[in-house]
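> The structure is given below, and queries will be raised subsequently.
The values are calculated or read from the model by the stated rules, or taken from the named source; none is laboratory data. Bear in mind the structure is a predicted one, so any value in this text is a computation, not a measurement. FYI the Cβ positions are ideal-geometry reconstructions off the backbone, even for glycines, and counts take in every protein chain you see. Keep in mind that these areas ignore ligands, DNA and RNA; they rest on the heavy atoms of the full protein, side chains included. Shrake-Rupley method; radii C 1.70, N 1.55, O 1.52, S 1.80 Å.
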Amino acid sequence: MINLVLFGKPGAGKGTQAEFLKSHYQLVHISTGDVFRFNIKNETALGKLAKSYIDQGDLVPDQVTIDMLEAEVEKNLQAKGFIFDGFPRTEAQAQSLDAFLAKKEMAVSGTIALEANDDELVARLLKRGETSGRSDDQDEAKIRNRFDEYNEKTAPLRTFYTAQNKFHSINGIGSIEEITQRLMAVIDSL
Ligand code: AMP
């Protein structure tokens, strides 16, 4: 079983790359951002709760996110493995993921961060915002707030996973195909 965690600031290309990786390795792709947006669109209780945070570019509270992620895994227990895209984003989430997977005799195989500089990412996100309709992609202040959340809460996970010998990073600048090749080189070495 391969269970991958993709890290990277907003706009780093996690979702795009996960689409390729899931078919190549036959993994179930769970994007917490996508699940939240699905719930917002369908006006569920979870969607209503998450919306105010997402609209501001803040992280949704840990327990809400953890419960949702666990429910998504439970729906797919027959999977060959998972790509976690956008989760964990805090140390509390990373600890609960480890504990949850351990109960199922599963584990994170490796984590890979897609690295790109902020100015490149802002440009990508504003461009995506023209067509995605995502309010959090259309305003540079909200985008910068998402980066601040990443730097403050998610970047420390580098230390968390390095301590487990599970942290890798790759250059996230280049063509989509080049980045896929870089990711596959890491995954094949796990
Ligand atoms: P994304 O699509 O991954 O960029 O996520 C969009 C937004 O959803 C984030 O800015 C957060 O508000 C929320 N979100 C997604 N994943 C998480 C998470 N693991 N923890 C907290 N909030 C999250």
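> Which residues, taken from region 11-30, are open to solvent by less than 10 Å² (accessible area, probe 1.4 Å) and either under 18 Å from Ser132 (Cα atoms) or in a helix (DSSP H, G or I) (or both)?
Here is the first cut: in region 11-30, the residues open to solvent by less than 10 Å² (accessible area, probe 1.4 Å) are 12, 17-18, 21, 30.
Passing the criteria: Ala12, Gln17, Ala18, Leu21.
> Got at least one residue in region 131-151 being among the hydroxyl-bearing types (Ser, Thr, Tyr), at pLDDT 95 or above and either part of a strand (DSSP E or B) or touching a Phe, Trp or Tyr at 6+ places or on another chain (Cβ under 7 Å) (or both)? Can you show your working first?
Initial filter on region 131-151 (among the hydroxyl-bearing types (Ser, Thr, Tyr)): 131-132, 135, 150.
Checking which are at pLDDT 95 or above leaves us with 150.
Narrowing the set further to residues that are either part of a strand (DSSP E or B) or touching a Phe, Trp or Tyr at 6+ places or on another chain (Cβ under 7 Å) (or both) leaves none.
No, because not a single residue in region 131-151 is among the hydroxyl-bearing types (Ser, Thr, Tyr), at pLDDT 95 or above and either part of a strand (DSSP E or B) or touching a Phe, Trp or Tyr at 6+ places or on another chain (Cβ under 7 Å) (or both).
> If you check every pair at least six apart or on different chains, which have Cβ atoms under 9 Å apart with a residue in region 161-190 that is free of Cβ contacts under 8 Å to residues at least 60 places away in the same chain and within 17 Å of Ala116 (Cα to Cα) first and a residue that is surrounded by fewer than 18 Cβ atoms within 10 Å (Cβ to Cβ) and of a type in the set (Ser, Thr, Tyr) second?
Filtered contacts from region 161-190: Phe167/Thr159; His168/Ser189.
> Next question, about the same structure. Among the residues of region 60-83, are any assigned to a helix (DSSP H, G or I), open to solvent by 40 Å² or more (accessible area, probe 1.4 Å) and of a type in the set (Lys, Arg)?
First, pick out the residues of region 60-83 that are assigned to a helix (DSSP H, G or I): 62-74.
Of the ones still in play, those that are also open to solvent by 40 Å² or more (accessible area, probe 1.4 Å) are 62-63, 67, 70-71, 74.
With of a type in the set (Lys, Arg) added as a condition, the list becomes none.
No, because not a single residue in region 60-83 is assigned to a helix (DSSP H, G or I), open to solvent by 40 Å² or more (accessible area, probe 1.4 Å) and of a type in the set (Lys, Arg).
> Return yes or no: is Ala113 touching a residue at least 24 places away in the same chain (Cβ under 8 Å), in contact with a His (Cβ under 9 Å, 6 or more places away or on another chain) and either open to solvent by less than 60 Å² (accessible area, probe 1.4 Å) or not charged (D, E, K, R) (or both)? Spell out the reasoning first.
Details: touching a residue at least 24 places away in the same chain (Cβ under 8 Å): yes; in contact with a His (Cβ under 9 Å, 6 or more places away or on another chain): yes; either open to solvent by less than 60 Å² (accessible area, probe 1.4 Å) or not charged (D, E, K, R) (or both): yes.
Spelling it out, Ala113 is indeed touching a residue at least 24 places away in the same chain (Cβ under 8 Å), in contact with a His (Cβ under 9 Å, 6 or more places away or on another chain) and either open to solvent by less than 60 Å² (accessible area, probe 1.4 Å) or not charged (D, E, K, R) (or both).
> Give me a count of the residues in region 84-110 that are surrounded by 13 or more Cβ atoms within 10 Å (Cβ to Cβ) and assigned to a helix (DSSP H, G or I).
Of region 84-110, the ones surrounded by 13 or more Cβ atoms within 10 Å (Cβ to Cβ) are 84-98, 100-101, 106-110.
Now restrict to residues that are assigned to a helix (DSSP H, G or I): 91-98, 100-101.
The total comes to 10.
> Can you tell me which residue among Arg146, Arg124, Arg158, Arg134 is open to solvent by 50 Å² or more (accessible area, probe 1.4 Å) and either over 22 Å from Ser189 (Cβ atoms) or within 14 Å of the ligand (Cβ to nearest atom) (or both)? It would help to see each step written out before you state the result.
Numbers: Arg146 fails: open to solvent by 50 Å² or more (accessible area, probe 1.4 Å); Arg158 fails: either over 22 Å from Ser189 (Cβ atoms) or within 14 Å of the ligand (Cβ to nearest atom) (or both); Arg134 fails: open to solvent by 50 Å² or more (accessible area, probe 1.4 Å).
Only one candidate passes the filter, namely Arg124.
> Phe36: closer than 22 Å to Tyr161 by Cβ, within 11 Å of the ligand (Cβ to nearest atom) and buried (at least 20 other Cβ atoms within 10 Å of the Cβ), yes or no?
Numbers: closer than 22 Å to Tyr161 by Cβ: no; within 11 Å of the ligand (Cβ to nearest atom): yes; buried (at least 20 other Cβ atoms within 10 Å of the Cβ): yes.
Spelling it out, it is not the case that Phe36 is closer than 22 Å to Tyr161 by Cβ, within 11 Å of the ligand (Cβ to nearest atom) and buried (at least 20 other Cβ atoms within 10 Å of the Cβ).
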